[in-house]
Amino acid sequence: MKIKQLKFNLFQGLFLILIGCTVTYAQQSNDGWETMFNGTDLSGWTTKVHHYEVGNNYADTFRVEDNMVKVRYDKYEGEFNNRYSHLYYDKPFSDFHLTMQYRFVGELYKGAPDYTILNSGVMFHSQDPRTMLKEQDWPISVEMQFLAGVEEGVERPTGNMCSPGTDVVYEGKIDPRHCIKSTSDTYYGDQWVTAELIVYHDSLVKHIINGKTVLEYLKPQIGGGVATGYDPKMKQDGKPLKEGFIALQSEGQPIDFKNIKIRNLKGCTDPKALNYKEYYQITDKESCSY
């Protein structure tokens, strides 16, 4: 019995070692993409709805169904009352490549502003939602705005830039406009659109729609208007935005999001280091290990 038990223990140990090696290899050989959404619930995400405290997902605005994050208003009561909402990923990023797919569905909620029809987006370099006041409408952030066509033949590009409480440098100067249009095509109906966002701290930002770069700008920073109800300490105009939180937006229009992934672009760029990755584009020498 002892010999058999010994053989079993040796076999079990070798099996666990092999499993461990397989897991380690899988971790080291991946391409750096991190899935932000687990497909079953909103773990790792935090909601902030205008007029409500942080963490209150009023009327199940953001919900998980069919392996997607869905924005819905069927449980709302009364007028829309500017209940703009945002769903924040709980980890901040500085240099990153974000990708997701979205589609607009259903009808605009009654009383929501006309401009929010077939309108949503993703916020980045945002303030932490836990620093937002109850009556703050928009986070101080930069937005990659998503739009769809409303009238046939009338251009309405998507992947635009909007700037609640922020400024960006476009074509060599700080642009005074709240939103800057992209060069994307106009997409109609409930078709899926792939949106990508490449951000290099407080330097270059690229918007990509269905594989095509449609907008580039520089130097995101705190400034400008639009956002209201914020803590004055959070709005330090002129301060470069080097990192922040990422949030999906709700403005009164039902929308679905799926395949939400992100890749960190900052790390050890020395090929001699043990933790070197080819996809790192921003050097972080202190992170290198040899």
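Where is the GNM fluctuation largest for the chain (alpha-carbon springs, 10 angstrom cutoff): Met161, Met234, Met100? Highest fluctuation among the options: Met234. Every pair of different Cα atoms in segment 75-158 enters the Kirkwood calculation, which places the hydrodynamic radius at 15.1 Å.
How high is the relative contact order of segment 27-117? Use alpha-carbon pairs under 8 Å, at least six apart in sequence, and give a whole percent. Show your work: numbers first, answer last.
Details: 91 pairs, mean separation 23.9, N = 91.
This gives 26 percent for segment 27-117.
Mean residue ellipticity at 222 nm, helices only, the chain: -3500 deg cm²/dmol; runs of at least 4 DSSP H residues each add -39,500 (n - 2.57), and the sum is divided by the number of residues.
Dividing the alpha-carbon Rg of segment 139-228 by 2.2 N^0.38 Å yields what? Mind showing how you got there, number by number?
Working: Rg = 13.3 Å, N = 90, 2.2 N^0.38 = 12.2 Å.
Compactness ratio reported: 1.09.
Evaluated over the Cα positions of segment 21-173, the convex hull gives a direction-averaged projected area, one quarter of its surface, of 12.5 nm².
Seen against the Cα atoms of the chain and their longest principal axis, helix 2-28 is set at about 30 degrees.
Name the most mobile residue of Arg103, Arg72, Arg130, meaning the one with the largest mean-square fluctuation, in a Gaussian network model of the chain with Cα contacts below 10 Å. Maximum fluctuation in the GNM of the chain, among the listed residues, is at Arg130. Computed across segment 33-267, the Kirkwood radius stands at 17.6 Å (inverse of mean 1/r, all Cα pairs). Residue exposure proxy: His50, His125, ordered by other Cβ atoms within 10 angstrom of their Cβ from fewest to most, comes out as His50, His125.
Give, in nm to one decimal, the length gained when the segment between Asp237 and Asp31 is fully stretched (0.36 nm per residue of separation minus the Cα-Cα distance). Let's see the in-between values first.
Working: separation 206, 0.36 × 206 = 74.16 nm, distance 3.72 nm.
Taking Asp237 through Asp31 to full extension adds about 70.4 nm, to one decimal.
Each Lys and Arg contributes +1 and each Asp and Glu -1, all at the Cβ; summed about the Cα centre of the chain, the dipole is approximately 1280 debye. Between Ser141 and Thr166, the built amide H atoms are under 5 Å apart, and every one of these is 5 or more places off in sequence or on another chain.
Using 0.36 nm per residue, how much length does the chain from Ser203 to His178 gain when fully extended, once their Cα-Cα distance is taken away? All intermediate terms of the calculation are to be shown ahead of the outcome.
Numbers: separation 25, 0.36 × 25 = 9.00 nm, distance 1.90 nm.
The span from Ser203 to His178 would gain 7.1 nm if fully extended.
Segment 115-165 and segment 242-289 have Cα centres separated by 21 Å.
Over all pairs of different C-alpha atoms in segment 37-125, the reciprocal of the mean inverse distance, the Kirkwood hydrodynamic radius, equals 14.4 Å.
Taking the Cβ of each residue in Asp190, Asp185 as the centre, tally the other Cβ atoms inside 10 Å and list the residues starting with the fewest. Write down the numbers at each step before the final one.
Values: Asp190 14, Asp185 17.
By the 10 Å Cβ count, ascending: Asp190, Asp185.
Each residue, Lys110 and Ala59, gets one label point 7 Å from its Cα in the Cβ direction; the gap between the two is 1.1 nm.
Here, each number is a calculation from the coordinates, and none is a lab measurement. Small disclaimer: the values here were computed from a predicted structure and weren't measured. Cβ atoms come from the backbone with ideal geometry, glycine included; neighbour counts cover every protein chain shown.
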